[in-house]
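Remarks on the structure that follows.
The values are calculated or read from the model by the stated rules, or taken from the named source; none is laboratory data. Source: prediction; values computed, not measured. Cβ placement follows ideal geometry from the backbone for every residue including glycine, while neighbour counts extend to all protein chains displayed. Please note that ligands, DNA and RNA were not included when accessible areas were found on the heavy atoms of the full protein model with its side chains. Shrake-Rupley method; radii C 1.70, N 1.55, O 1.52, S 1.80 Å.
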Amino acid sequence: MTSAVKIETETNRVLPREIFPKENLLHHHELNFTRRKISKGEILFSQGEQANGFYIVETGSIRSYRTSGSGEKQHTFKIYHPGNWVGIRDAAIGGNYLHHAVALVESTVLFVEEEELRRLLNSDSQFQNSVFRQVTIEAVESENKIYSLGTRQVHAKLSEFLLQLSESQDSEEDLPFTREIMASMIGVTTETLVRALADFKSRGWVEIDKRKIVIKNEEALLRLLD
């Protein structure tokens with residue numbers, strides 16, 4: 001991985017509305033941000049670094065993860081797609097980032113400094129609601145993931161992951177991450193993940209082509225979650 005290099009920056013106040021889902025209230029707001037183009041493997045921020053703002057993904061994909069004490073093992077928390085906020089929880093409560101964030105592919109992000117975040121939190125009740133909603137979503141996702149990792153079998157974990165992925169990504173696009181990262185996201189070994197994917201494929205539930213995984217039988221995957 002390369003270290004963070006902030007290149008091709010651009011300061012603006014007009015948010016590109018098309019990157020946000022309709023339910024995301026942030027597109028109603030005008031705020032100061034800096035647009036940054038980042039390369040694949042470039043680090044946005046590191047675990048323990050001061051949280052001096054948050055990022056909004058405009059294009060590409062960003063991965064958040066933590067490393068083990070020895071630094072040899074990585075645990076992926078989330079893959080962020082266009083419209084997602086990265087680091088908002090840590091920036092909102094102050095202190096340091098609690099995880100690493102790295103670009104999986106060449107990406108463009110909008111960086112909102114902590115000072116601008118505080119300004120809106122203190123002056124705009126609608127923005128406060130937007131931040132509260134986003135932080136709540138992250139908390140619920142984390143709770144559900146802990147439950148899933150602790151109680152569900154491999155096939156159910158994989159089914160849930162693939163269904164969530166299909167909602168956030170075009171099935172015609174290549175996956176922006178490796179099998180190793182996917183395995184770390186659902187809490188299994190790479191070998192176990194590969195076997196489970198092969199089983200899904202043999203049953204005709206998914207179609208696998210290099211870095212594409214296309215769901216062919218959504219009902220079958222949903223039944224695994226019961």
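Pairs linking a residue in region 204-216 that is over 17 Å from E160 (Cα atoms) and in contact (Cβ under 8 Å) with a residue 24 or more places away in the chain to a residue that is of a type in the set (V, I, T) and open to solvent by 40 Å² or more (accessible area, probe 1.4 Å), with Cβ atoms under 9 Å and 6 or more positions apart or on different chains, are R211/T178. Could you tell me whether L158 is open to solvent by less than 60 Å² (accessible area, probe 1.4 Å), in the same structural domain as I181 (by the TED database) and modelled with pLDDT of 85 or more? In short, yes. Considering each residue of region 96-112 in turn, none proves to be free of Cβ contacts under 8 Å to residues at least 40 places away in the same chain, open to solvent by 20 Å² or more (accessible area, probe 1.4 Å) and under 15 Å from the mean Cα position of the chain (by Cα). Is it the case that N96 is out of contact with any strand residue (DSSP E or B) (no Cβ under 9 Å at 6 or more places or on another chain) and at pLDDT 85 or above? No, not satisfied. Within the bounds of region 88-96, is there any residue that is touching a Pro at 6+ places or on another chain (Cβ under 8 Å) and assigned to a loop (DSSP other than H, G, I, E, B)? Scanning region 88-96 turns up no residue that is touching a Pro at 6+ places or on another chain (Cβ under 8 Å) and assigned to a loop (DSSP other than H, G, I, E, B). Looking across R89, R63, one residue alone is in contact with a His (Cβ under 9 Å, 6 or more places away or on another chain) and touching a residue at least 12 places away in the same chain (Cβ under 8 Å). It is R63.
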